[in-house]
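Structure record follows, encoded as structure tokens.
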Amino acid sequence: MPEDNETDLLKRAVAGDADAFAVLVDRYAGRIYGVCFSIIGNHADAQDCVQEAFLKAFRTIRRFHFGSSFYTWIYRIAANTCYDLLRHYQRRPAQSLDEPYAYEDGEQYRQIPDGGLLPDDAFIRKETAQTVRRALSRLPESLQRMIVLRDLEGMSYEQIAELENMRAGTVKSRLFRARVALADQLRLMEQNAGRLV
């Protein structure tokens with residue numbers, strides 16, 4: 001199978017052939033690792049980003065439109081995954097636990113508070129996420145994809161345009177309609193929930 005050409009492999013992968021997708025992973029994992037390492041700068045996070053990028057690609061391979069090469073597509077997914085991780089690190093910078101604070105009367109090692117949510121807040125966040133997922137599932141598939149690709153996957157308008165085979169302006173207008181439809185669904189669900197109380 002490794003001697004198969006990329007177009008045949010892609011067609012089979014889009015049709016659901018996991019073995020064909022595995023060959024694409026084997027073929028491009030090294031190059032994608034190089035991309036991730038050049039962005040991230042450390043081995044462990046680069047490997048994690050490679051795995052995450054290929055998982056995202058596997059989940060969305062059915063929407064691959066053959067407008068670009070697989071490498072171009074997976075490169076963009078990997079780069080976005082890396083930049084998302086870097087943004088996460090910027091929001092929560094790393095702190096060394098090995099370097100003590102110096103005080104007048106001695107040293108104290110750093111203690112990191114648990115940044116997790118309180119149980120009530122975690123419950124509310126989980127409930128909110130479930131409500132949004134239910135509302136999203138009620139939208140037409142074309143509108144769902146716009147929200148997933150832009151708001152959840154973080155793709156640019158140009159990337160979505162390439163994936164969906166449409167102009168960037170069309171992506172923007174469809175995304176606007178999708179967000180309005182999602183807000184309408186959430187409002188409707190809230191009204192219905194209020195009637196049940």
In the stretch 155-171, residue farthest from the chain's Cα centre (by Cα) [restricted to those that are open to solvent by 40 Å² or more (accessible area, probe 1.4 Å) and either touching a residue at least 40 places away in the same chain (Cβ under 8 Å) or closer than 22 Å to A193 by Cβ (or both)]: N165
All positions within the stretch 145-181 that are part of a helix (DSSP H, G or I) and in contact with a Leu (Cβ under 6 Å, 6 or more places away or on another chain): M146, R150, I160, A178, A181
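Would you point out the residue of the stretch 19-42, among those that are in contact (Cβ under 8 Å) with a residue 24 or more places away in the chain and within 18 Å of F66 (Cα to Cα), that is farthest from the chain's Cα centre (by Cα)?
Taking the stretch 19-42 and keeping what is in contact (Cβ under 8 Å) with a residue 24 or more places away in the chain, we get 21, 24-29, 31-32, 35-36, 39-40.
The next check asks that each one be within 18 Å of F66 (Cα to Cα); those that pass are 21, 24-25, 27-28.
Details: F21: 19, L24: 20, V25: 18, R27: 22, Y28: 19 Å.
Across the stretch 19-42, the extreme among qualifying residues is R27.
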Filtered residues of the stretch 37-55 (kept if closer than 14 Å to N80 by Cβ, open to solvent by less than 30 Å² (accessible area, probe 1.4 Å) and at pLDDT 90 or above): C49, V50, A53, F54
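The values are calculated or read from the model by the stated rules, or taken from the named source; none is laboratory data. Being a predicted model, the structure only gives us computed values, none of them experimental. When we count neighbours, we look across all protein chains shown, and the Cβ atoms used for this are built from the backbone with ideal geometry, even at glycine. These accessible areas exclude ligands, DNA and RNA; they are computed on the full protein's heavy atoms, side chains included. Shrake-Rupley method; radii C 1.70, N 1.55, O 1.52, S 1.80 Å.
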